[in-house]
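Trainee: My questions all concern the structure below.
The values are calculated or read from the model by the stated rules, or taken from the named source; none is laboratory data. It should be emphasised that the depicted structure is a prediction, and the values quoted were computed from it without experimental measurement. Please note: Cβ atoms are built from the backbone with ideal geometry, for glycine as well, and neighbour counts cover all protein chains shown. Surface accessibility is based on the protein's heavy atoms, side chains included, excluding ligands, DNA and RNA. Shrake-Rupley method; radii C 1.70, N 1.55, O 1.52, S 1.80 Å.
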Amino acid sequence: PLRHSGPSYQVHIAPAMSARESLRILLASTSGKAGVVLLMTLVTVSLVVLIRLPLNFGSQQWNNPTEWADNPKSVPPDWVRLFGGSDSLRHQVYKASAPTFGAETTSKGYTFNYEHTQDTPPTFISLSISNVQFQGDPPLILLEVVRPDQRKLRLLQKVIRGARSEETTPIIRYAEMPLRVYVSGDEESLAATAEYLRQQFQVDVAPRELQGRLEEVLFGTPDTMGSGKYVPLHGQYQFTIRALVRDPADSIGDIKLVMAGTHFGFMGTDALGRDLALGLLFGFPVALTIGLITALLASAIGTSLGILSGYMGGKTDIAIQRFADVWSNIPLLPILIFLIFIFGQKLWLVMVILIIFGWPGLAIVV
């Protein structure tokens, strides 16, 4: 036994804190409650995203420009309409899986009514056709529009690619990837619009001069003052897609007509037309994974070095603490940009850098 002449002491070893006690302390503060709510929100949203979106969404859809071809480019979100403005135009997509008329005949028709009430015309018009099946001669696809002033314009006339010598009936086209026609920039549509202006308004204009102005012509009338501008024509526009087939058994799978607006979705789109809100949702589980892994590993390293520094003391303490001071003052962002430039955009690289530079602050506190 150890004997000494000084006062006697009793040493009490505190038991390890239970998980319930840890949670109680965490929820005792406002910041702790906010952190728990935020974490639960991230976890819930991430689980919903993993269930609803395919795991290959990033490579197969987000980085695939054809997936976003029918979206307007670089437009603000839908809620900007709350602030008014005559140039605010809603993005509209019309779809049909069955003909509106003539389903059992050789002239199958799909009709869509578009109500134009704004001074701004759609930013572009596109037509998509998928799963075309025919027995002999390929179908002829027509796109026609009847304006509120009862003037009629045939915008498009396109023949589906015919059968090759080795193919057997029924011939199937665009089953996997739909045929998409960008009507606003189609040469045939521009020529048809120029001819329409000559016949209906005696305005002589070359088709190339209508590039980027087809919607302005379609949804307006030429200014009588000869200014070259077009006065908006409000009212109901009837678009008809007609499939002329040789055999009544020939069919068209799905038809999609897009009238592009000036805003889209909850967060708008980028320069490729990608839905930024969908991209943000897809990033939730990725961000949560990075956050959890880097936080756990950086905390483990920082806590271990902090305990070692405080327990050993002396030169060990000085070495660890001064190294942590220097390491915590190294700028992280330039190093991260440099390494990504060298090694490429690797997710593991971001995580490693965050772990390496994330422990000093905790080591100093511990």
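Trainee: If you scan segment 46-86, which residues turn out to be out of contact with any His (no Cβ under 7 Å at 6 or more places or on another chain), of a type in the set (Val, Ile, Thr) and more than 19 Å from Leu288 (Cα to Cα)?
Mentor: Scanning segment 46-86 gives a single hit, Thr66.
Trainee: Could you list, in sequence order, all residues of segment 127-186 that are part of a strand (DSSP E or B), in contact (Cβ under 8 Å) with a residue 12 or more places away in the chain, over 17 Å from Tyr94 (Cβ atoms) and of a type in the set (Lys, Arg)?
Mentor: Correct list: Arg154, Lys158, Arg173.
Trainee: So if I check each of Leu47, Leu53, Leu42, Leu23, which one is open to solvent by 80 Å² or more (accessible area, probe 1.4 Å) and within 27 Å of Arg274 (Cα to Cα)?
Mentor: Leu47
Trainee: Mind checking which residues of segment 66-87 are in contact (Cβ under 8 Å) with a residue 60 or more places away in the chain, assigned to a loop (DSSP other than H, G, I, E, B), open to solvent by less than 50 Å² (accessible area, probe 1.4 Å) and farther than 18 Å from Ile125 by Cβ?
Mentor: Pro77
Each row is one residue, and each column tells you yes or no for (1) under 30 Å from Arg147 (Cα atoms); (2) touching a residue at least 60 places away in the same chain (Cβ under 8 Å); (3) open to solvent by 30 Å² or more (accessible area, probe 1.4 Å).
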site: His234; (1), (2), (3): yes, yes, yes
site: Gly279; (1), (2), (3): no, yes, no
site: Ile318; (1), (2), (3): no, no, yes
site: Trp327; (1), (2), (3): no, no, yes
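Trainee: Residues that are under 29 Å from Arg52 (Cα atoms): list the helices (runs of 4 or more DSSP H) wholly contained in segment 275-366 that include at least 1 such residues.
Mentor: Per the criteria, 276-312, 347-356.
Trainee: Please go through segment 123-158 and pick out each residue that is open to solvent by 60 Å² or more (accessible area, probe 1.4 Å), within 27 Å of Glu216 (Cα to Cα) and over 32 Å from the mean Cα position of the chain (by Cα).
Mentor: Of everything in segment 123-158, those that are open to solvent by 60 Å² or more (accessible area, probe 1.4 Å), within 27 Å of Glu216 (Cα to Cα) and over 32 Å from the mean Cα position of the chain (by Cα) turn out to be Gln150, Arg151, Lys152, Arg154.
Trainee: Look at Pro285 and say whether it is more than 30 Å from Pro139 (Cβ to Cβ) and either surrounded by 15 or more Cβ atoms within 10 Å (Cβ to Cβ) or at pLDDT below 95 (or both).
Mentor: yes
Trainee: In segment 270-290, what residues are of a type in the set (Phe, Trp, Tyr) and over 10 Å from the mean Cα position of the chain (by Cα)?
Mentor: Phe284
Trainee: Let me ask something additional. Does Leu297 qualify as being within 22 Å of Leu39 (Cβ to Cβ) and either open to solvent by 70 Å² or more (accessible area, probe 1.4 Å) or touching a strand residue (DSSP E or B) at 6+ places or on another chain (Cβ under 6 Å) (or both)?
Mentor: yes
Trainee: Does at least one position in segment 332-347 carry a residue that is among the small types (Gly, Ala, Ser) and loosely packed, with under 15 Cβ neighbours inside 10 Å?
Mentor: Yes, segment 332-347 contains at least one residue that is among the small types (Gly, Ala, Ser) and loosely packed, with under 15 Cβ neighbours inside 10 Å.
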